[in-house]
Amino acid sequence: MEEVRWRDAAVGRSLLMREGLLARTPAVLPEEGWSEFELLSTERALAGAPGLREAAVRTHLVAPGPVPEVSAEILAGVGADRLVALGGGRVIDAAKAIAAVRGGEVAALPTTLSGAEMTAIHRLPAGHEGSPGVRPSLVLADPTAMTSLPEPQLRATAMNALAHGADSLYTPIATELSRSAALRGAGMLAAALDAPREERDASQLALGAILGAHALDRAGLAIHHVLSQTIVRVCVTPHAETNAAMLPAVMEEMRGRAPAQIAALAGALGAEPEEIRPRIEALGGGRRRLGELGADPRLREDVLDTAMARAELFHMTPGELTREDLERVLAEAW
C-alpha cells in the first residue's frame, strides 16, 4: 500500500502511514500543523530520523525503566504544550503521561508495533496527579521503522500487537466495529508473519498492529493484559516477550469462555479453534516461557494477588474467574 490516511473524528486523531515517512518527518510535521514542538526520543530512534532533533525546540531523551519514573524525570524540563514522541511504547507512553499532567497534545512516531500510538492507556508520572486517558492526536507511521527489529524481537512485539486485538474481542463493550478491526488486524499480522522476512509486507504488518491497538482502545482490555502487565511489573520481565509467552495459554483458556470470538480469531489466523495455541506459538517464533524470561516462580503468588486486585480483570473477562483459573493459566505459561 502506498499511503494510508485515516481521520478518526470520534477521538480527534489523524493518522498518516507511508513508507519512508520517518526520513521526511521534519517537513511533514509542519504540513500537519506541528511547526513548534518538544521531542521525546532515544538515541537509537533519533539515528533513523535525520533532521528531527534539529527541528525540535528541545529534545528529551527517555531513559530505560518504568514509564512513571522516566516520565517524572523529564516532566520538569518540558515547556511546550506539544510533544512529539519518536520511539517505542515506553517513549510514547511517557509523552502521554507528561501531557496528562501538563496538558497539551502528543504526536506519535512509532518505531515498534507496541500500539501505544493508538490508545489512551498509560500511567502517570510518579508523584504527580493528572487526567489520564491522553491519546495522540497525530500519528505518523513508517512501516519500515515499525518493523525493523531483529526477527525474534519483531515476532514478540507482533504477538503483543495480536494480543491487543485478541483481548478486545470478548469484553462487554466490544462492538461490531471494534471486533472487525481486531480480526482484520489479526489476519494481516498472520499473513505478514507467514511470509519469509525478505518477502514480508512491512505495511501489512504495521497496519495489522495499528488495527489491533485501535480495537483495544475502543473495547478495552481483559484477562490477557491484566496478567501480562502484572507479570511485567512484579517480575520485571520484558514487555513484548511477556505478552508473547502469555498469549497462547490465555487464548486456550478463552476457548471455553468466549467460543464464538476465539473461533473467529482462529479463522482470521488461518486455523481451527482447537489449533489456536500452536498457531500463535508458531507465529511468535516458537514457544516462550516466563521462566526463560527471568520470571522468578517465587513471585507467582504476588502476581496472583496483584492481578486479582484489578477490577477490570473480572468486569471485562467473560465467565466467573477464580484464583485457581489464573493459577492454571500462569502455570501453563511459566
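The values are calculated or read from the model by the stated rules, or taken from the named source; none is laboratory data. Everything numeric here is computed off the predicted structure, so don't read it as measured data. Counting neighbours? That spans all protein chains shown, and the Cβs are built from the backbone with ideal geometry, glycine included.
Key figures for this structure:
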item	result
Among residues of segment 101-116, those that are closer than 18 Å to GLY133 by Cα and either part of a strand (DSSP E or B) or hydroxyl-bearing (Ser, Thr, Tyr) (or both), counted	5
Conditions (1) in a helix (DSSP H, G or I); (2) over 17 Å from THR157 (Cα atoms); (3) not polar (S, T, N, Q); number of the one not met by ALA240	(2)
Residues of segment 219-277 satisfying the condition of being within 23 Å of ILE121 (Cα to Cα) and surrounded by fewer than 17 Cβ atoms within 10 Å (Cβ to Cβ)	ARG233, VAL236, PRO238
Cross-chain or 6+ apart pairs with Cβ under 9 Å, segment 257-278 first and closer than 17 Å to ALA163 by Cβ, then among the aromatic types (Phe, Trp, Tyr)	ARG257/TYR170; ALA258/TYR170; GLN261/TYR170; ILE262/TYR170
Residues that are among the β-branched types (Val, Ile, Thr) and closer than 17 Å to LEU39 by Cα, drawn from segment 108-133	THR111
One residue from ALA63, ALA47, ALA56, ALA95 being over 27 Å from ARG24 (Cβ atoms) and either among the acidic types (Asp, Glu) or assigned by TED's automatic domain parsing to the domain that holds ARG24 (or both)	ALA63
Within segment 1-100, strands (runs of 3 or more DSSP E) holding 3 or more residues that are surrounded by fewer than 19 Cβ atoms within 10 Å (Cβ to Cβ) and modelled with pLDDT under 95	3-8
Hits in segment 204-229 - residues which are in a helix (DSSP H, G or I), over 17 Å from ALA191 (Cβ atoms) and in contact (Cβ under 8 Å) with a residue 60 or more places away in the chain	ALA213, HIS214, LEU216, ASP217, ILE223, HIS224, HIS225, VAL226, LEU227, SER228
